[in-house]
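Data block below; observations after.
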Amino acid sequence: MLGRYERGHNGEAVVQYGDGTMRVVKPGSFVRCAVTGEPIPLDELRYWSATRQEAYASPEAILKQLKETGRP
């Protein structure tokens, strides 16, 4: 069974990230992790930065980004 983001929309989505919310600007089935580059299915996306407008695959990816850049 296809999720609500996958029906007829394959490929990478464009998402606007907010504080605790997100808005799909261009439909797709996934976004890419800003650190690892791995695809994250939209219905599994749990971590992002509203300030940076980036998605993350895991808490570890967020920590790596913070250590490399030194800012939230």
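Against the chain, whose longest principal axis is taken from its Cα atoms, helix 59-69 shows a tilt of about 50°.
Calculated mean residue ellipticity, 222 nm, the chain: -4500 deg cm²/dmol, from DSSP H runs (n ≥ 4) at -39500 (n - 2.57) each, averaged per residue and rounded to 500. Computed extension gain for Arg32 through Glu60, at 0.36 nm per residue and net of the alpha carbon distance, reaches 8.6 nm. For the residues Pro27, Pro59, Pro39, a GNM of the chain with alpha-carbon springs under 10 Å puts the largest fluctuation on Pro59.
Taking the Cα centre of the chain as origin and assigning +1 to Lys and Arg Cβ atoms and -1 to Asp and Glu Cβ atoms, the resulting dipole is close to 180 debye. Of the residues Cys33, Gln16, Leu63, the one whose Cα sits farthest toward the positive end of the charge dipole of the chain, with +1 on the Cβ of Lys and Arg and -1 on the Cβ of Asp and Glu, is Gln16.
Counting only protein heavy atoms and a 1.4 Å probe, the chain has 68 square angstrom of accessible area per residue. Surface composition of the chain: carbon and sulfur atoms hold 50% of the protein heavy-atom accessible area at a 1.4 Å probe.
Extending 7 Å from Cα along the Cβ direction at Thr21 and again at Gln53 yields two label points whose distance is 1.8 nm. This structure gives mean projected area of the Cα convex hull in nm², computed directly, and of (i) 4.8; (ii) 6.0; (iii) 4.2 that value is listed as (i).
The values are calculated or read from the model by the stated rules, or taken from the named source; none is laboratory data. If you're wondering where the values come from, they're calculated on a predicted model, not measured in any experiment. In this analysis, Cβ positions are derived from the backbone assuming ideal geometry, glycine residues included, and neighbour counts consider all displayed protein chains. These accessible areas exclude ligands, DNA and RNA; they are computed on the full protein's heavy atoms, side chains included. Shrake-Rupley method; radii C 1.70, N 1.55, O 1.52, S 1.80 Å.
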